[in-house]
1. State whether one or more residues within the range 340-348 are at pLDDT below 95, assigned by TED's automatic domain parsing to the domain that holds Gly23 and on the phi < 0 side of the Ramachandran plot.
2. Scan the range 204-217 and give yes if some residue there is without any contact (Cβ under 8 Å) to a residue 40 or more places away in the chain and among the polar types (S, T, N, Q), otherwise no.
3. Starting from the range 251-263, keep only residues that are assigned by TED's automatic domain parsing to the domain that holds Leu32 and over 12 Å from Tyr203 (Cα atoms), then list their pairs with residues that are β-branched (Val, Ile, Thr) and surrounded by fewer than 24 Cβ atoms within 10 Å (Cβ to Cβ) whose Cβ atoms are within a distance under 7 Å, requiring at least 6 positions of separation or different chains.
4. Report the residue count in the range 145-178 for those that are within 22 Å of Gly109 (Cβ to Cβ), in a loop (DSSP other than H, G, I, E, B) and hydrophobic (A, V, I, L, M, F, W, C).
5. Kindly list the number of the only condition in (1) out of contact with any helix residue (DSSP H, G or I) (no Cβ under 8 Å at 6 or more places or on another chain); (2) part of a helix (DSSP H, G or I); (3) more than 14 Å from Leu32 (Cα to Cα) that fails for Glu233.
6. Determine, yes or no, whether Asp146 is within 30 Å of Ala496 (Cα to Cα) and more than 9 Å from the chain's Cα centre (by Cα).
7. Condition (residue is over 30 Å from Gly93 (Cα atoms), touching a Pro at 6+ places or on another chain (Cβ under 8 Å) and in the same structural domain as Pro87 (by TED's automatic domain parsing)) applied to the range 311-327: is it met by at least one residue?
Amino acid sequence: MKLKFEQYKDKVMGCWAGKNIGGVLGAPFEGLRQINDIDFYTQDLSMGPPPNDDLDLQIVWLAAVERYGRSVDAAILGEYWLSFIIPNWVEYGMGKANMRAGLQPPLSGVADNTYKDSCGCYIRSEIWACLAPGHPEIAARYAYEDAIVDHAGEGMYGEIFFAALQSAAFVEGNTRKLIDIGLSYIPEDSITASAIKKAIECYDNGLSLREARKEIHNTAPGTFGIQGVKLSEINALDNEGLEIGAPGFDAPENVAFTIAGWLYGNEDFGDCLCKAAAFGEDTDCTCATLGAVLGIVKGVSNLPRKWMEPLDDKIATLCIDKTSHMLWVPQTATELSNRVMRIMPAFLGQDECDILAEDGMVINCKDGDDLYCRKTDDYLPLINGNGGGKSELLPIRSLCALSPFVVRQSFPAFHVMVDYKGSVHFKHGADRSIRVTVINVKAMCQQQWARITLYTPSGVEVVGAKSVLLPLNNLHGSEACVEFTFNLDAFEGSKAELIIDTALEGRHSYGDVKVTLMREA
């Protein structure tokens, strides 16, 4: 399917305008477990809109893409996160603390991170959708790289779901199809998927919004809306029968509330956003994300003036460190949209975006069944790349299935995965092991030998060989694997840093991956 530039422009501008509108609408009710009966903004906007982190975090990602293009990955995004993001609260703070300690993504998102399943990354999906319009398989992959900086599991699934849905919305307008497309990119047995399906079920069965709120919440109970509220007061706020979930487990129900607002609003832009706000909990996130979805579907040309005029296109940032003067920060949604549109052709690539088309730039998009995620078991392993795209190391389903304790790193001729085997810790009196996998890169597929060597600091004794030479088949996706075991009883430090060195025999190609382990008390 061909997407013309004017259509793309209308939808990108709709995305950021809708994101801004929703974030402003929902902000006053953030963190409240109650039904919010509203039909318009409740703030005084005469001095402009208030800042909201749902939008400004993505400006940092845009800066990374402008420098690194399609090469951007979780490691690069992590560096930008440390350099330019101010907040140290919950998952943002734990992700930053882990990276400062030497734990790279995805370890930074999972290690000791109580809020890894919270809402801080599903609100960052729009940048990837706008950079990969009509290509949910690309948008979802970069949403994964984004999410694992400070999230894991259900929190990660929320961003992948929305990135795929929003990318598809550039070429597909049917609500149910878009939800199904998003669901195809996340595990069917995930709690996020269950909560989304519950929202659909509630709407189809004619449940009231109040009834649906309870059903959805109890499918994936979180605690976002009762932070700082006395337990004795919770039911007094019309919350009787709502279960109390684990602290930080907030993304699944809020993702589902976003979808429920869309359904219960019956395609009316303002009513959809107000319905999303009515469900309570993390309302700036639910409303902002839904505003972006509707903005893409409808385009800015079809957004109601009633909702746009009070904001006057202005955006305000909250989380970006501007003191270094190294990061461009837009003042309006239009400025942000223009910046995204300028970089999109380079990000998407000339095969998918023809800037020299006779009638103006044209984007070659997926359509129909091709918008859905391809299942890995539909393809022969090693021959079709396990169902992945042309440049993918692993398709998104395989990435979702990876343990969050597996670190991936790419080099020109191969990829390396280091499996920490479920923990970043070591302890006295027990051997420790890691598993290293070297994977052939499709563009460089040749029969070759991979030399994998483990270098350790003083006091760390390797049990067995420190270096192996393994054959690496020429088929795309072929692997060479080794497990290293070592003992740290003589190691005196609190943090052990090891190096995995990989080299291909007969080539100059090599790459090092650092392994960081923390002493367990």
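The values are calculated or read from the model by the stated rules, or taken from the named source; none is laboratory data. Keep in mind it's a predicted model, so treat the numbers as computed, not measured. For neighbour counting, all protein chains shown are included, and Cβ atoms are generated from backbone atoms with ideal geometry for every residue, glycine included.
1. To start, the set of residues in the range 340-348 that are at pLDDT below 95 comprises none.
No: the range 340-348 contains no residue that is at pLDDT below 95, assigned by TED's automatic domain parsing to the domain that holds Gly23 and on the phi < 0 side of the Ramachandran plot.
2. yes
3. So the pair list comes out as Pro252/Ile191.
4. Going through the range 145-178 one residue at a time, the tally reaches 3.
5. Of (1) out of contact with any helix residue (DSSP H, G or I) (no Cβ under 8 Å at 6 or more places or on another chain); (2) part of a helix (DSSP H, G or I); (3) more than 14 Å from Leu32 (Cα to Cα), only one is false for Glu233: (3).
6. no
7. yes
Conditions tested, residue by residue: (1) free of Cβ contacts under 8 Å to residues at least 12 places away in the same chain; (2) closer than 19 Å to Gly422 by Cα; (3) in the same structural domain as Gly422 (by TED's automatic domain parsing); (4) in contact with a Pro (Cβ under 9 Å, 6 or more places away or on another chain).
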{"residue": "Pro49", "(1), (2), (3), (4)": "no, no, no, yes"}
{"residue": "Asn52", "(1), (2), (3), (4)": "no, no, no, no"}
{"residue": "Tyr80", "(1), (2), (3), (4)": "no, no, no, no"}
{"residue": "Phe84", "(1), (2), (3), (4)": "no, no, no, no"}
{"residue": "Tyr115", "(1), (2), (3), (4)": "no, yes, no, yes"}
